[in-house]
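Data block below; observations after.
The values are calculated or read from the model by the stated rules, or taken from the named source; none is laboratory data. Quick caveat, the model's predicted, so the values are computed rather than measured. Every residue, glycine among them, receives a Cβ derived from its backbone with ideal geometry; neighbour counts consider all protein chains shown. Surface accessibility is based on the protein's heavy atoms, side chains included, excluding ligands, DNA and RNA. Shrake-Rupley method; radii C 1.70, N 1.55, O 1.52, S 1.80 Å.
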Amino acid sequence: MKNGLLIFILLAFLAACQQPTVYIFSENLQDEQRQQLDVALKAQSLPYEYVELEVPREFGAATLMLANDKILRTQTQQLAAIMQALGYQPEISYTTRANHFYGDGNIGFYLKNVDPDKTFTMPKTVRTSECEKDEHNDLAVSFTSQHAQFTLASGAKVILQWEYLYGYLVIYYSNYSQTYTHSKPLVTTPFGLKSSDTYTITAHVNKPSWLNCSLQVVYMD
């Protein structure tokens, strides 16, 4: 009887050691997304561990990596539902036992925020270019996370709000806005071709005329 009990305890211990685990890889998630993910993971049925590594470049925004030797369909559906609740459409990939990380039913959970509206950043300083009026060329424009400060030829400084919306830089003035497309062309300089961030206006506004300029920073290094 005693030996039987010991065998039972040993088997239970081994089963616990072999219980599949979800390995969580996350990248660029917003604070709210992280909180929602934590709550959802605690509610699902498998143990999980966060892994402090970047999501591989070749992976999409949401990927579940499963081992061919043991596929847990119910648990996989739970994890896919977590991704969908966070606004992602999960992709399912399969690996072999040669990748020991995902043997015995272990699952890789890869999630990264690739929303350009949330990851886009502006250079700290750009210069006006291709202005409708030449007097407004080469004005300094500095950016913070929410505001653009134009330093005019007179020395006056004008602070406007900006945001990145649906793939466009938008700068607000009074009750209307100026919109720019972003590109990264090579620019000819006295030191050869150099890379740039260029923001080209999509339309002309009636006033102020200094908003009828593109914005550019050229990287000389």
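For segment 165-183, which residues satisfy the criterion of being at pLDDT below 90 and farther than 16 Å from LYS124 by Cα?
Within segment 165-183, the first condition is being at pLDDT below 90, and the residues that meet it are 165-168, 174-176, 182-183.
Correct list: LEU165, TYR166, GLY167, TYR168, SER174, ASN175, TYR176, SER183.
Please work out if LYS2 is surrounded by 11 or more Cβ atoms within 10 Å (Cβ to Cβ) and at pLDDT below 75.
Working: surrounded by 11 or more Cβ atoms within 10 Å (Cβ to Cβ): no; at pLDDT below 75: yes.
It is false that LYS2 is surrounded by 11 or more Cβ atoms within 10 Å (Cβ to Cβ) and at pLDDT below 75.
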| field | Leading residue by the ranking (nearest to THR95 (Cα to Cα)) among those in segment 24-69 that are among the polar types (S, T, N, Q) and open to solvent by 80 Å² or more (accessible area, probe 1.4 Å) | value | ASN68
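May I ask you to verify whether SER195 is within 18 Å of MET122 (Cα to Cα), assigned to a strand (DSSP E or B) and open to solvent by 30 Å² or more (accessible area, probe 1.4 Å)?
Working: within 18 Å of MET122 (Cα to Cα): yes; assigned to a strand (DSSP E or B): yes; open to solvent by 30 Å² or more (accessible area, probe 1.4 Å): yes.
Spelling it out, SER195 is indeed within 18 Å of MET122 (Cα to Cα), assigned to a strand (DSSP E or B) and open to solvent by 30 Å² or more (accessible area, probe 1.4 Å).
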| Inside segment 146-192, can you point out the residues that are part of a loop (DSSP other than H, G, I, E, B) and within 15 Å of VAL217 (Cβ to Cβ)? | LYS184, PRO185
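Would you mind stating whether GLN19 is open to solvent by 80 Å² or more (accessible area, probe 1.4 Å), touching a Pro at 6+ places or on another chain (Cβ under 8 Å) and part of a helix (DSSP H, G or I)? Quick ask: steps written out before the conclusion?
Details: open to solvent by 80 Å² or more (accessible area, probe 1.4 Å): yes; touching a Pro at 6+ places or on another chain (Cβ under 8 Å): yes; part of a helix (DSSP H, G or I): no.
The answer is no for GLN19.
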| query | Tell me, which residue of segment 198-209 that is within 12 Å of SER129 (Cβ to Cβ) and of a type outside the set (S, T, N, Q) is surrounded by the most Cβ atoms within 10 Å (Cβ to Cβ)? | reply | TYR199
| Which residue out of TYR164, TYR168, TYR173 is open to solvent by 60 Å² or more (accessible area, probe 1.4 Å), closer than 29 Å to GLY87 by Cα and in contact (Cβ under 8 Å) with a residue 12 or more places away in the chain? | TYR168
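Would you confirm, using the coordinates I've provided, whether THR188 is free of Cβ contacts under 8 Å to residues at least 60 places away in the same chain and surrounded by 11 or more Cβ atoms within 10 Å (Cβ to Cβ)? Write out each step before concluding.
On the way: free of Cβ contacts under 8 Å to residues at least 60 places away in the same chain: yes; surrounded by 11 or more Cβ atoms within 10 Å (Cβ to Cβ): no.
Taking the combined requirement at face value, the residue does not satisfy it.
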| message | Could you go through segment 121-130 and let me know if any residue there is farther than 14 Å from VAL205 by Cβ, of a type in the set (D, E, K, R) and part of a strand (DSSP E or B). | response | yes
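From the residues in segment 210-221 that are part of a loop (DSSP other than H, G, I, E, B) and over 25 Å from the mean Cα position of the chain (by Cα), which one is surrounded by the most Cβ atoms within 10 Å (Cβ to Cβ)?
The extreme case among them is CYS213.
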| task | Can you run down the residue pairs with Cβ atoms below 9 Å, 6 or more apart or on separate chains, where the first is in segment 65-79 and in contact (Cβ under 8 Å) with a residue 24 or more places away in the chain and outside any loop (DSSP other than H, G, I, E, B) and the partner is among the charged types (D, E, K, R) and open to solvent by 20 Å² or more (accessible area, probe 1.4 Å)? | result | ALA67/ARG97; ALA67/ASP104
